[in-house]
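The values are calculated or read from the model by the stated rules, or taken from the named source; none is laboratory data. Everything quoted here is computed from the prediction, not taken from an experiment. For neighbour counting, all protein chains shown are included, and Cβ atoms are generated from backbone atoms with ideal geometry for every residue, glycine included. Keep in mind that these areas ignore ligands, DNA and RNA; they rest on the heavy atoms of the full protein, side chains included. Shrake-Rupley method; radii C 1.70, N 1.55, O 1.52, S 1.80 Å.
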Amino acid sequence: MIIQSLFHLAATCPGQKPGIPGLYNGLCDASGNVQLTSLSDIYVIIGNVIQIVLSLAGALAVIFIIVGGIYYAISAGDPGRIKRAKDIITQAITGLVIILGAYAAIVFISSRF
């Protein structure tokens with residue numbers, strides 16, 4: 001009760017779809033209300049925020065891979081443009097690997113709690 005009054009969270013949970021990260025995943029009771037009763041519930045919210053951020057970062061990395069591919073396609077054989085396109089793709093893939101590693105670490109750590 002104290003934690004819920006401190007954070008003034010929404011009184012009801014939005015409809016959650018399986019596989020889609022949401023802020024209140026794992027905190028809703030049968031009537032659709034958010035239930036924050038202990039400190040571990042705050043850890044659930046923090047974990048959900050991290051999953052949302054990692055999902056957005058992964059989507060952004062995929063967008064940059066597509067942008068790099070478009071740059072490569074319109075480079076018209078110019079070595080400078082080809083290098084720029086390859087750099088974009090390489091950096092996006094590196095970022096995606098880091099994001100996947102971070103997600104795996106978060107899942108591993110959260111399974112221990």
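Return one whole number: the accessible area per residue of the range 60-110 in Å², for a 1.4 Å probe.
With the other protein chains kept in place, the range 60-110 gives 70 Å² per residue.
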For the range 89-106, Karplus-derived ³J(HN,Hα) couplings (6.51, -1.76, 1.60; θ = phi - 60°; whole Hz; x for glycine and proline) come out as 5, 4, 5, 5, 5, 4, x, 5, 5, 5, 5, 5, x, 5, 5, 4, 5, 5
Need one number: nm distance between label points at residue 83 and residue 108, each 7 Å from Cα along Cα→Cβ, rounded to one decimal. 3.7
For the range 47-58, in residue order, the Karplus 3J(HN,Hα) values (coefficients 6.51, -1.76, 1.60; θ = phi - 60°; whole Hz; Gly and Pro = x) are x, 5, 5, 4, 5, 5, 5, 5, 5, 5, 5, x
Per the 1.4 Å probe, what fraction of the accessible area of the range 67-111, in percent, lies on carbon and sulfur atoms? 71
